1. Modelled label-to-label distance, residue 207 and residue 147, 7 Å Cα→beta-carbon offset: nm?
2. Counting only the backbone N, which residues of region 268-298 are under 16 Å from the spot 7 Å out from the Cα of residue 216 toward its beta-carbon?
3. For the chain, modelled as a Gaussian network with Cα springs under 10 Å, which listed residue fluctuates most, 180, 24, 98?
4. What is the fewest-to-most order of 265, 46, 107 by other Cβ atoms lying within 10 Å of their Cβ?
5. Please sort 214-220, 164-170 by packing, taking for each peptide the average over its residues of neighbouring beta carbons within 10 angstrom, highest first.
6. For log10 I(q)/I(0) by the Debye sum over Cα atoms at q = 0.07, 0.11, 0.12 Å⁻¹, several values are listed as (1) -0.27, -0.69, -0.83; (2) -0.36, -0.79, -0.88; (3) -0.33, -0.78, -0.90; flag the one computed from this structure.
7. For region 228-303, what relative contact order do you get, as a whole percent, if you take Cα pairs closer than 8 Å and at least 6 residues apart?
8. With bins 5 Å wide starting at 0, give me the P(r) of region 103-155 over every alpha carbon pair, in whole percents.
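What follows is calculated from the coordinates using simple rules that are stated; it is not laboratory data. In this text, all values refer to a predicted model and were calculated from it rather than measured experimentally. Cβ: placed from backbone, ideal geometry, glycine included. Neighbour counts: every protein chain shown.
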């Protein structure tokens with residue numbers, strides 16, 4: 001492979017990992033005055049407008065009539081799953097620290113792998129099995145001092161973990177359902193339709209006036225969340241185009257690592273808005289094991305032929 005193309009793909013993948021890694025911290029700041037549904041609505045609308053401008057310039061705006069009833073129904077269901085994923089992910093941050101949310105979300109590649117086995121009859125690779133073992137071993141280490149709370153009581157912490165697991169499940173469901181849609185739509189066309197349809201689903205439940213209650217820091221955080229949605233996805237799509245999918249997946253799996261690093265920085269510069277997490281040495285080790293497991297599982301998925 002051309003060295004320039006290699007480093008370009010690596011840089012794009014790393015950009016995505018960094019942006020997805022630091023995103024929960026900015027969402028946490030937005031949550032001080034804005035609810036999960038409204039945050040997600042603003043992210044969807046801004047991203048949809050951006051993608052729409054690109055498609056108009058390329059004269060590639062999708063036509064819903066060409067989808068047909070079956071594919072249109074699939075589009076609505078896939079959008080619903082992604083909307084729930086976005087909202088649940090943000091909602092989980094109301095209960096959990098950003099690091100915990102990111103680590104728990106790493107079960108998503110495992111759930112996607114499981115979905116491929118159940119619905120598409122795929123066979124598991126050894127690398128995927130090893131990745132799954134590492135994910136769950138790492139989670140046990142990460143929650144080593146809170147396992148009793150996690151399994152024996154339904155408290156604030158447990159509710160947060162359950163919400164994030166639900167978010168990971170809906171993401172896996174969306175990822176499985178988008179495959180047949182990508183056969184008739186480009187990635188950008190599908191993204192536009194999902195963001196527009198998702199915004200329509202969210203609008204009745206959003207409180208748009210919450211924007212007026214934000215201070216400059218919170219407005220900046222919301223703006224960053226919207227830009228993050230556009231840039232991170234764009235970098236990811238381009239990385240998948242110029243670099244091997246297995247390598248892209250492995251680099252993106254590092255996003256929790258950047259959450260850990262950015263939390264240390266945020267606590268130092270914004271102590272009033274961002275509180276330090278009470279994580280011990282074994283939790284950090286467990287987080288590292290989960291990241292490694294997620295990378296292996298994602299690489300195994302990426303190396304499989306398209307369905």
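1. Using points 7 Å along Cα→Cβ, the separation is 4.0 nm.
2. 270
3. Looking only at 180, 24, 98, the biggest GNM fluctuation is shown by 180.
4. Values: 265 12, 46 19, 107 24.
Lowest to highest Cβ neighbour count: 265, 46, 107.
5. Values: 214-220: 14.1, 164-170: 20.9.
The densest-packed peptide leads the list: 164-170, 214-220.
6. Read-out from the structure maps to (1).
7. Values: 42 pairs, mean separation 37.5, N = 76.
After rounding, I find 49 percent.
8. That works out to 5, 18, 22, 20, 15, 11, 7, 3, in percent per bin.
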